[in-house]
Each structure stands twice: as structure tokens, then as C-alpha cells.
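Worksheet: the structure to be examined is printed underneath.
Read-outs throughout are calculated quantities, based only on the coordinates presented, and are distinct from any laboratory measurement. What you see is a predicted model, and the numbers here were worked out from it, not measured in a lab. Note: ideal-geometry Cβ built from the backbone for every residue, glycine included; neighbour counts use all protein chains shown.
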């Protein structure tokens, strides 16, 4: 199973490289957002499968540690052997304002906090972790509202329709609408705390998306920005889980025989974050809609379960996947409605 998963992950990486070879203005932000969803689908697949072998919290701590280590080593190798990366890093250092640098680091911190809150929710209520995880899709209206107020970014009618279909499909796949019927009696206080933690995680994820977009001006190279975000999220996430939840037994996960799991998981997670940054850099990208597409990662995860593990999806998941795919198709069509504006993710008076 693991070699097959690695092969499919490599194929997705090849598609990403082909897309990134295109000029920035010709890249498809829906394509990049969909690829980010695929990489996060791999991320969730590895986490879920490894949860059958390792303690979930210990595995997450080990995986985030690998994210930090791989991003640091990768940046060091690029800085040593790749002149273009050195030039990009120098350009970021010279032209990025202190505020932009703050956005980079804040994005990683918000991601780490979101992952920690999600783990806290899961540790309190494993039974409803699936429906609770779907609450994260609520960051779509939060992000959309922020950029509507901040920069006047709006969606066309068909984009709103696509966004609604994607969100509805994700919620339907998760079983969120049957959550109240699945609660055992007597556990309401614990379940409520778990629900509050996942809502907090949702807000941190929304904050990370907002700060990534605010730091995503096209005149700053992607690779140094992504390296800063990935490294800070990995190291800080590991430290938070180690201090709050971990008992230190993650060392078994990092043994030579088991190291391949967190390594592949870290590659998928890092590539997903890089693709998110790249999707928000496309000039006509829409923050709320891109977020909805990225949040539909339960679809590629379900496909991976079917292809690699032979798990046939239930009817609810099949219907939900169809809704998500239909929503992505509707949203990706070029709109003929001229009543909406394509604006940058920062005030128009600051645009150059």
C-alpha cells in the first residue's frame, strides 16, 4: 500500500510542477486550489491510516517535527546549491516590509494553533471527530467576509453557487447533519468542549488563510515565503503538541522502520501549504472560493481509500463527492456576469 501511495503522491507532484512552469498570469487558481486539496487529502489519508498503528497525537507531533526538519534541510540545500533561491531570499529580505514578514510567521503560527486545537478536539471526542472536522469548512464565509470588507472582493452568482455546493457536499460527506443523533447520553459537556475546540481551530485556519493571502503579493517569490510558513508551522506545532498533549512516545514513530510514514506525510503537508500560497498569488484568484476548494480534501481522501485500501464509499459520501465536484466545475467556469469585481487581496490604493 505504501509504495502505491508514494507513487500517486509523486504523480500529483508532477502535475503541480507542470502547472507552476506556466507564467503566473496563465496559471489556473482553481487547478492549484484543487491540487492543494489533493495534497491535503494525502495528508489526511496518512494521518488516518497511521492512527491504526500509532497514537494519533504522538504521530501528529512526529509528523510536524519532520515538517520542520525537512523544510529546514531543504531550504539549506537550496540556499547552498541553487543561486535562484538565494536571489529570491535576498529579494524577500530587501523588499518585504516588516509587516509582510510578520504575515509569513503569523501564517505558520495560526496553522500550528489550528492543528493543536483540532487534536484537542479529537482527543476529547473521537466518535464525532468526522462531523466535527467538517466544521472547519465554516472558514469559507469567514474568509469571504473579511476580504469583502477589506478589499471589496466579491463573487459572481455562479461562483457563489459553486461555493455553496462545495460546502454542502463536504458537510454531507462528513455526516455532520446526523451529528445530533449519534451522541451518546451523558457526554454532552465533553462533546461541547470538543465542539468549541474545533470551532477555535476553524477560526485559526481562517486566520492562517487570511494572513497567507495578505502576504501573497506576486512581487515576492513563492519559495522563501512558503519555506518560512512551513518551517514555523512545523516547529511550533510540534512544540505545542509536545507541551500540551504528547507523552513523548513519538520516538517509536521516528524509528528507522517507521520513519517513512511521517516523512511522506510531511511531504504531502508541506506541498499542500506551498500550493495554497501559489494559488493565492494568481491575480484573479478568489479567496473564499479557493478556500472552499481547498477544504474539499475529504474527496481525494475518499478516492485514496477506495483506490489503495479498497474501501467502497457509502452513498452519502458518493453524493457528497458529486456535489463537491459539481461545485468545483460550476465555480471554474468563466463568468459572464460583469457585476462583480476581481480585486487584489489588499487595498486597491496599495496595488502597483
Under a point spin-label approximation (7 Å from Cα along Cα-to-Cβ), what is the residue 95-residue 76 distance to one decimal in nm?
-> 2.9 nm
Relative contact order (%) - segment 1-130, alpha-carbon pairs under 8 angstrom, separation at least six | 12 percent
Provide Rg over Rh for segment 1-81; use the alpha carbon set for both Rg and the Kirkwood Rh (inverse mean inverse pair distance).
-> 1.04
Computed lengthening from residue 84 to residue 258, 0.36 nm per intervening residue step minus Cα-Cα distance = 59.2 nm
Can you give the three extents of the C-alpha atoms in segment 1-156 along their principal axes, from longest to shortest, in whole Å?
-> 48, 43, 30
Based on the Cβ-Cβ distance from residue 13 to residue 149, what FRET efficiency comes out when R0 is 35 Å, to the nearest 0.05?
-> 0.45
For 281, 25, 19, what's the fewest-to-most ordering of other Cβ within 10 Å of each Cβ?
-> 25, 19, 281
